[in-house]
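The values are calculated or read from the model by the stated rules, or taken from the named source; none is laboratory data. As the structure is a computational prediction, the values presented were derived from the model and not from experiment. Cβ placement follows ideal geometry from the backbone for every residue including glycine, while neighbour counts extend to all protein chains displayed. In case anyone asks, the SASA skips ligands and DNA or RNA and just uses the protein heavy atoms, side chains included. Shrake-Rupley method; radii C 1.70, N 1.55, O 1.52, S 1.80 Å.
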Amino acid sequence: MNDTQVTLVGCVATQIDYKETVNGPSARFRFAVTPRYFDRRKEVWTDGATSFYTVWARRTLAVNLAGSVSVGEPLVVHGRLRVREDPPDGEGRQWVSAEIDASAIGHDLTRGTAAFRRVVKTDTPLMATQKAAVV
């Protein structure tokens, strides 16, 4: 296996975009990662430049993600890194995007607490029960 596996620590930057597809459930969101370092000259903690990633989750991970995560929450994301370069547009700008095909996602417990609930396999997906409760 020659894939680049990464683990990122950051915060959810956008709402979870959950969809049922012909290949099964899929979810995506933007993930913000901001490094912090101690500036010895100024003797203060400083934020570095924020990097943004598009995180993709499939199947059960997508369903559980959509039912568990909101904008602003701190997460740990593990998965396969894919970097794409789009060809230059008409004005000569070239775009580079970084995406993570997630294999595991969880709340960052150094910044808060979480209550884990095991999902019981049923015929009704988690998202359907939540939508019914909201209506």
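Please arrange Trp95, Trp56 by accessible surface area, largest first, computed with a 1.4 Å probe and ligands excluded.
Correct descending sequence by accessible area is Trp95, Trp56.
Calculate the all-directions average of the projected area of the chain's alpha-carbon convex hull, and give it in nm². Mind dumping the intermediate values first?
On the way: hull surface 53.0 nm².
Dividing the Cα hull surface by four gives the mean projection, 13.3 nm².
Hey, what does the equivalent ellipsoid look like for the range 1-47, semi-axes from the Cα gyration tensor as sqrt of 5 times each eigenvalue, largest first, whole Å?
35, 16, 4
Using heavy-atom solvent-accessible surface (probe 1.4 Å) with all chains present, what is the largest-first order of Leu81, Leu65, Leu109?
Sorted descending by solvent-accessible area, the residues read Leu109, Leu81, Leu65.
Have a look at the range 1-80 and give its Rg and Dmax from the Cα atoms, expressed in angstrom.
15.5, 55
I'd like the accessible area for Tyr18, computed on protein heavy atoms only with a 1.4 Å probe and all protein chains in place. Round to 10 Å², please.
40 Å²
Convex hull volume of the Cα atoms in the range 58-104, per residue, in Å³?
Spread over its residues, the Cα hull of the range 58-104 gives 118 Å³ apiece.
Calculate the FRET efficiency for Thr34 and Ala104 from the Cβ-Cβ distance with a Förster distance of 22 Å, rounded to the nearest 0.05.
Values: r = 21 Å, r/R0 = 0.96.
Between Thr34 and Ala104 the formula returns 0.55.
Compute the distance in nm between two label points, each set 7 Å from the Cα along the Cα-to-Cβ direction, one at Thr4 and one at Arg118.
Placing both labels 7 Å beyond Cα along the Cβ direction yields 3.8 nm.
Among Thr46, His107, Val83, pick out the residue whose Cα is farthest towards the positive end of the charge dipole of the chain, where Lys and Arg carry +1 and Asp and Glu carry -1 on C-beta, about the Cα centre.
Positive-most Cα among the choices belongs to His107.
What is the magnitude of the charge dipole of the chain about its Cα centre, with +1 placed on the Cβ of each Lys and Arg, -1 on the Cβ of each Asp and Glu, and no other charges, expressed in debye to the nearest 20?
Details: 18 positive and 15 negative charges, 92 e Å.
Its charge dipole is roughly 440 debye.
Taking all protein chains together and a probe of 1.4 Å, list Arg82, Arg118 from the most accessible to the least accessible. Walk me through the numbers before you get to the answer.
Values: Arg82 75, Arg118 190 Å².
Listed by decreasing accessible area, they come as Arg118, Arg82.
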